[in-house]
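Right, one structure below, let's go through it.
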Amino acid sequence: MSARNLILADLDGDRTWRLQDYLARGGYAALKKIIAESTPPADIIAEVKASVLRGRGGAGFPTGLKWSFMPRSFPGAKYLACNSDEGEPGTFKDRDILRYNPHSVIEGMIIAAYAMGCERGYNYIHGEIFEVYDRFEEALAEARAAGLLGDKILGSDFSFDLFAHHGYGAYICGEETALLESIEGKKGQPRFKPPFPASYGLYGKPTTINNTETFASVPFILRDGGETFLNYGKPNNGGTKLFSISGHVNRPGNYEIELGTPFSELLEMAGGMRGGRKLKGVIPGGSSSPVVPADIMMDCTMDYDSISKAGSMLGSGAVIVMDETTCMVRALERLSYFYFEESCGQCTPCREGTGWLYRVVHRIEHGLGRPDDLDLLNSVTTNIMGRTICALGDAASMPVQSFVKHFGDEFAYHIEHKTCLVPDDVQREGSKIYVGPSC
Amino acid sequence: MLSQESLKLIDVEVAKYPSDQKQSAVMAALRIAQQEKGWLARETIDAVASYLDMPAIAAFEVASFYNMYDLEPVGEHKITVCTNLPCALSGGVHAADYLKQKLGIEFNETTPDGKFTLKEGECMGACGDAPVLLHNNHKMCSWMTTEKIDQLLADLAK
Ligand SMILES: Cc1cc2nc3c(=O)[nH]c(=O)nc-3n(C[C@H](O)[C@H](O)[C@H](O)COP(=O)(O)O)c2cc1C
Ligand code: SF4
Ligand code: FES
């Protein structure tokens, strides 16, 4: 188990994203084979199932299974959507996939569209990475000009077109039904489920939504076989995965590794702890996943099952590393502010609850905490969880519960002494402007 | 109300969607309108809505829901700096403090000469590049040390 590049293989930063470079890397070979052999769609879905590819957007749902939910014969349009609205704090892998290897996503989407009979697709790209959106438009134009997109792809009977849609600053649009609302030109407010998008999706038509990295994994699976992909990971956790490492390490950045690689190895790849300082805690799967204390994290391997056993989630693969100079109350305060800001306001428990969570953590951090505030925080989270339309309510609650559970002493100290356990100047020094060797 | 050039750009967006789903282009159309006008006044939003045959209120709802649309005038250069936790661990807050001090303004303020507006941003999906900031929504500036911030402000002040 170690570093292995499938999605990031043979890339040279900004210099190798064009169609000709992708073709030279063996790109579009999987699609060409499918078209030449008229592979039955069911065989493609079976291959994806065999790979045990699990969705890379956060929930880890098996991709092949999701694809099999789409109605086979449906009188009318079916749609495909790619979720590149990457806004989960700590996550920055889809941006690199899109800017350095956009055709891997395009090929993955064409294959998916063929397998599910979709006639049109949209890639929803986070507004803040507008330069990547522009580049993706160029990549689409290249694919169209080469007959890979549009009517009668590569001379076959199969037609599919793909377009880019940009967000403009709303985290909630990463939630798949909010994303569909947004493509329809509305506020990004999540829909009730059921009905699920496979029966009622974009414009009310059957739709499948997958993450950027999920689609980018598909060409390899079809070219080299689902089993080859699976074997790079471990049972039930197929393949390689990109991890975005941020925080107190020497080399923040994206690392593609085999699922099941020990966390300690990943930390080493990222250059180890900044200034040789001591690890305090890790948020292993994006800001919504529960924080894990250092000693438990050092025993984990990076895969869905191990991280879940440690009481957290692999989520989007965003690993936020915090060292001993971090004030856990302040860290949580910033995250709670984020969820409060980004709640779409549709459900009362989320709209009101995220405000409560932020205000209570804020007052603890600012020396105004009350003795029963930790109980209050826990009771607010129980009033949110499971009572909302979408998972943002849970996403806001899990950090609070886990920070209080694992670093309760630090919160209690704050409430009693009205100040941080970690002195302010130590915090400022530990999190001062740091740019790694990569820039 | 909108320039011919903007309308042409909007037409390209409209063509991405089924012919009975023009409203899907509203996010791009508002973005294009904002690029032309600097910010979205009520009349500008109305013009976008009527061009897309949608109710003005629906376009206004979209403009007010998404953070990158400016419903109030902003300075010539809007700088949005990310202070979310992953960035904050590598100096996002320090960079924001430095910008405030250099520009002499707080978040959501504009310098008296109308040149600079400073905003606090949420995760831009670029945390590995911390500190990160956006210039006028679309240009991402990575690894912003104080020297690079000095340079950026000097270039923009020209
Ligand atoms: C609040 C919220 C934000 C989300 N943000 C993203 C995101 O930025 N990117 C993403 O792929 N999935 C995100 N998701 C998950 C999507 O709803 C969906 O599960 C995913 O795109 C499915 O793709 P996958 O099966 O390939 O992972 C988010 C979910 C929630 C509740
Ligand atoms: S849980 Fe929050 S973000 Fe999700 S729909 Fe309800 S109010 Fe909106
Ligand atoms: S936290 Fe700043 S870009 Fe992600």
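The values are calculated or read from the model by the stated rules, or taken from the named source; none is laboratory data. Quantities reported herein were computed from a predicted structural model and do not represent experimental measurements. No Cβ is skipped: glycine too gets one built from the backbone with ideal geometry, and neighbour counts run over all protein chains shown. Note: accessible area is taken over every heavy atom of the protein model, side chains too, but ligands, DNA and RNA are not part of it. Shrake-Rupley method; radii C 1.70, N 1.55, O 1.52, S 1.80 Å.
Share of carbon and sulfur in the accessible area of the protein assembly as shown stands at 52%, probe radius 1.4 Å. Starting from one equal scatterer on each C-alpha and no solvent at all, send me the Debye-based log10 I(q)/I(0) for the protein assembly as shown at q = 0.06, 0.08, 0.09 Å⁻¹, two decimals. Treating every Cα as an identical point scatterer, log10 I(q)/I(0) equals -0.29, -0.53, -0.68.
The distance from the alpha carbon centre of the stretch B:57-116 to that of the stretch B:39-54 is 24 Å, rounded to a whole number. Note on chain A: GNM, Cα springs under 10 Å; of A:Glu88, A:Glu341, A:Glu184, the largest mean-square fluctuation is that of A:Glu184. Which residues, if any, in the stretch B:88-109 lose at least 50 square angstrom of accessible heavy-atom surface (probe 1.4 Å) when the other protein chains sit next to their chain rather than the chain being alone? Flagged in the stretch B:88-109: B:Leu89, B:Ser90, B:His94. Based on the alpha-carbon gyration tensor of the stretch A:145-237 and its eigenvalue square roots a ≥ b ≥ c, which shape applies: rounded if a/c is under 1.5, prolate if not and a/b is larger than b/c, or oblate? Cα axes put the stretch A:145-237 in the oblate bin. The angle separating the long axis of helix B:146-157 from the principal Cα axis of greatest extent in chain B is about 50 degrees. Estimated translational diffusion coefficient (Stokes-Einstein, Kirkwood radius over Cα pairs, 4 °C, 1.567 mPa s) of the stretch A:106-159: 108 µm² per second. Compared with its chain on its own, the stretch A:81-102 contains the following residues whose accessible area drops by 30 Å² or more in the full protein assembly (probe 1.4 Å; ligands, DNA and RNA excluded): A:Pro89, A:Phe92, A:Arg95.
Considering only A:Thr388, A:His406, A:Phe340, the residue lying farthest towards the positive end of the dipole of the stretch A:328-430 is A:Thr388, judged by Cα position with unit charges set on Cβ. Other residues lying with their Cβ under 9 Å from the Cβ of A:Thr240 contribute a combined charge of 0, Lys and Arg counting +1, Asp and Glu -1. For the stretch A:185-217, applying the loop criterion from DSSP together with a ceiling of 15 other beta carbons within 10 Å to the chymotrypsin sites (Phe, Trp or Tyr not before Pro) yields A:Phe192. Between A:Glu37 and A:Ala59, the FRET efficiency estimated from the beta carbon spacing at R0 = 25 angstrom works out to 0.15.
Summary value for the stretch A:294-420: 25 percent relative contact order, contacts being C-alpha pairs under 8 angstrom separated by 6+ residues.
Surface burial for B against A, with a 1.4 Å probe and both sides summed, reaches about 4600 Å² of accessible area. Which angle from 0 to 90°, rounded to the nearest 10, does the C-alpha axis of helix B:56-65 make with the longest principal axis of chain B? Between the helix axis and the principal axis of chain B, the angle is about 20 degrees. Using Cβ point charges alone (K and R +1, D and E -1), the dipole size of the stretch A:143-213 about the Cα centre works out to roughly 180 debye. Pick from B:Glu106, B:Glu147, B:Glu72 the residue whose mean-square fluctuation is largest in a GNM of chain B, springs joining Cα atoms under 10 Å. Maximum fluctuation in the GNM of chain B, among the listed residues, is at B:Glu147. On the beta carbon distance between B:Phe107 and B:Leu7, with R0 = 35 Å, the FRET formula returns roughly 0.55.
The value of relative contact order for chain A, using C-alpha pairs under 8 Å at least six residues apart, is 17 percent. Does the stretch B:14-158 come out rounded, prolate or oblate, given a ≥ b ≥ c as the square roots of the eigenvalues of its C-alpha gyration tensor, rounded meaning a/c under 1.5 and, failing that, prolate meaning a/b above b/c? Prolate, since a/c reaches 1.5 and a/b exceeds b/c. Electrostatic tally near A:Leu23: other residues with Cβ closer than 11 Å to its Cβ, Lys and Arg +1, Asp and Glu -1, net 0. Ranking B:Phe107, A:Phe160, A:Phe61 from most to least accessible surface, computed with a 1.4 Å probe over the protein chains only, gives A:Phe61, B:Phe107, A:Phe160.
Relative to the Cα centre, the charge distribution of the protein assembly as shown, modelled as +1 at Lys and Arg Cβ and -1 at Asp and Glu Cβ, gives a dipole magnitude of about 660 debye. Taking every C-alpha pair closer than 8 Å and separated by at least 6 residues, the mean separation divided by the residue count of the stretch B:1-157 gives a relative contact order of 18 percent.
Amide H to amide H, with H built 1.01 Å from N, A:Ile209 comes under 5 Å of A:Ala81, counting only residues 5 or more places away or on other chains. Magnitude of the charge dipole for the stretch B:4-65, about its Cα centre and with charges confined to Cβ atoms of Lys, Arg (+1) and Asp, Glu (-1), is about 140 debye.
How tilted is helix B:42-51 with respect to the longest principal axis of chain B? Cα atoms for both, answer in degrees (0 to 90, nearest 10). Helix B:42-51 sits roughly 40 degrees off the main axis of chain B. For A:Asn123, nonlocal amide neighbours, meaning residues 5 or more places apart or on other chains whose placed amide H falls under 5 Å from its own, are A:Cys82, A:Phe163, A:Ala164, A:His165. Largest mean-square fluctuation among B:Gly125, B:Gly91, B:Gly114, in a Gaussian network model of chain B whose springs join Cα atoms under 10 Å apart, belongs to B:Gly125. For the set A:Lys66/B:Lys8; A:Lys93/B:Lys158; A:Lys186/B:Lys37; A:Lys432/B:Lys139; A:Lys418/B:Lys115, the pairs lying more than 30 angstrom apart at their alpha carbons are A:Lys66/B:Lys8; A:Lys93/B:Lys158; A:Lys418/B:Lys115. Taking a sphere under 13 Å around the Cβ of B:Lys100 and counting the other residues whose Cβ falls inside, with K and R at +1 and D and E at -1, yields a net charge of -2. Simple rule: put +1 on each Lys or Arg Cβ and -1 on each Asp or Glu Cβ in the protein assembly as shown, find the dipole, and look at B:Gly92, A:His166, A:Trp67; the Cα lying farthest toward the positive end is A:Trp67.
Rounded, prolate or oblate: which one fits the stretch B:4-65, using the alpha carbon gyration tensor with axes a ≥ b ≥ c (rounded when a/c is under 1.5, else prolate when a/b beats b/c, else oblate)? Since a/c reaches 1.5 but b/c is at least a/b, the shape of the stretch B:4-65 is classed as oblate. Heavy-atom accessible surface of chain B, averaged per residue, reaches 41 Å², computed with a 1.4 Å probe. Counting only protein heavy atoms and a 1.4 Å probe, chain A has 36 square angstrom of accessible area per residue.
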